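Participant: I am attaching a structure below and will ask some questions about it afterwards.
Every read-out reported here was derived from the displayed coordinates using simple, explicitly stated rules and does not represent laboratory data. If you're wondering where the values come from, they're calculated on a predicted model, not measured in any experiment. Please note: Cβ atoms are built from the backbone with ideal geometry, for glycine as well, and neighbour counts cover all protein chains shown.
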Amino acid sequence: EIIDSLLSELAVLGFEFGYSISEPETLVLWEAQFGDFVNVAQVILDQYISSAEEKWGVMNGLVLYLPHGFEGQGPEHSSARIERFLSLAAGNNMHIINPTTPANLFHALRNHMKKKSRVPLVVFTPKSLLRHPLCVSSLDDLENGKFMPVYDDGDNDVDEVRRVVLCSGKIYYDLLARKTKLGAKDIALIRLDQIFPFPEKEISRILEKYRNNMLTLWV
């Protein structure tokens, strides 16, 4: 059921928070059509969504869809800031993801609903990826895949890699285009689709593979 809500983000997000508590087996999604719409609801994030379990023992599985990034719509449409949510993140109180494939978004939502416990899921959804020709998934990825917190780079020569580049979200496709144009096999592009909880073990396993790496960068 899709509802165009009134433009009172404080009220609407507060309602959705309560609804997700009262109906824990329902997937409740609140999408801020542009990032600036989350600003007016910040108090709900601070006082309820990020801290309700710690303060009152109340769990909720609300999902936030927040377009992020400079998409040519002006500065006010770029304010779903990842760092705001990371400043609220501690003790596994929420999951923060920036998925780069349709399948990974699907599996994140599926995992979210199949878990016995509930924590809010914050999903950054750059609008440009809705129409990016490389941001696609096969039916097999959807049917037989699983959520990937980190993607390794399968297009390189492991022994020749001298630079490992870590990134997250849509900038991966910009880096990929440049790497493809240069035909660079000595660079590994590692993308974090899950930002919090930080997937330390998965990243460590990947970095260990590139034993001849000389420089690790975050882009």
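Participant: Hey, for a label at Ser117 modelled as a point 7 Å past Cα toward Cβ, could you say which residues of the stretch 1-45 have their backbone N under 13 Å away?
Facilitator: In the stretch 1-45, the label zone of Ser117 (backbone N under 13 Å from the point 7 Å along Cα→Cβ) covers no residue.
Participant: Let me ask something additional. Kindly count the pairs of lysines across the chain whose alpha carbons are less than 17 Å apart, treating pairs on different chains or eight or more residues apart as eligible.
Facilitator: Within the chain, the lysine pair count is 6.
Participant: Follow-up. Per the helix-only calculation at 222 nm, which mean residue ellipticity applies to the chain, given -39500 (n - 2.57) for every DSSP H run of n ≥ 4 and division by its residues, nearest 500 deg cm²/dmol?
Facilitator: The helix contribution divided over the chain gives -9000 deg cm²/dmol.
Participant: Between the stretch 100-154 and the stretch 160-204, what is the separation of their alpha carbon centroids in Å?
Facilitator: Each part's Cα centre sits 17 Å from the other's.
Participant: Now for a different question. What residues qualify as long-range amide H neighbours of Glu31, i.e. H under 5 Å apart, gap of 5 or more or another chain, H built at 1.01 Å from N?
Facilitator: Under 5 Å from the amide H of Glu31 lie the amide H atoms of Tyr65, each far enough along the sequence or on another chain.
Participant: Averaged over every viewing direction, what's the projected area of the C-alpha convex hull for the stretch 72-169? Give it in nm², one decimal, please.
Facilitator: Answer in nm², one decimal: 9.1.
Participant: May I ask you to work out the translational diffusion coefficient for the stretch 145-205 at 4 °C, viscosity 1.567 mPa s, via Stokes-Einstein with Rh from the Kirkwood sum over Cα pairs, reported in whole µm²/s?
Facilitator: 106
Participant: With +1 assigned to the C-beta of every Lys and Arg and -1 to the C-beta of every Asp and Glu, and no other charges, what is the dipole magnitude of the chain about the Cα centre in debye, to the nearest 20?
Facilitator: 540
Participant: Let me ask another. Would you be so kind as to identify all helices of the chain, as entire DSSP H runs, whose Cα atoms reach 24 Å or more along the helix's own axis and whose mean Kyte-Doolittle hydropathy is at least 0.0?
Facilitator: Length and hydropathy pass: none found.
Participant: Please state the charge dipole magnitude for the stretch 102-196, taken about the Cα centre, from unit charges on C-beta atoms (+1 on K and R, -1 on D and E), reported in debye and rounded to the nearest 20.
Facilitator: Magnitude of the dipole: close to 620 debye.
Participant: Here's another thing I want to ask about it. Grab the eigenvalues of the alpha-carbon gyration tensor for the stretch 95-137, scale each by 5, take roots, and send me the semi-axes largest first in whole angstrom.
Facilitator: So the equivalent ellipsoid measures 22, 11, 5 Å along its semi-axes.
Participant: What is the spin-label model distance, in nm, from Ser128 to Thr180 if the labels are put 7 Å beyond Cα along the C-beta direction?
Facilitator: Computed distance between label sites Ser128 and Thr180 equals 1.5 nm.
Participant: Quick check on the stretch 129-219: of the DSSP beta bridges with both residues there, what percent are antiparallel, nearest 5%?
Facilitator: 20
Participant: Quick one: if the Förster radius is 30 Å, what FRET efficiency do Leu27 and Ser87 give, using the C-beta to C-beta distance and rounding to 0.05?
Facilitator: 0.70
Participant: So what is the relative contact order of the stretch 129-219, in percent, for Cα pairs below 8 Å that sit 6 or more residues apart?
Facilitator: Contact order relative to length: 41 percent.
Participant: Averaged across orientations, what area in nm² does the convex hull of the alpha carbons in the chain project?
Facilitator: 13.3
Participant: Counting only DSSP beta bridges with both residues in the chain, tell me the antiparallel percent, nearest 5.
Facilitator: Close to 15 percent.
Participant: With an 8 Å cut-off on Cα pairs and a minimum separation of 6 or more residues, tell me the relative contact order of the stretch 1-62 in percent.
Facilitator: Over the stretch 1-62, the number comes to 43 percent.
Participant: State, as an integer percentage, the relative contact order of the chain based on alpha-carbon contacts under 8 Å between residues 6 or more apart.
Facilitator: Relative contact order of the chain: 19 percent.
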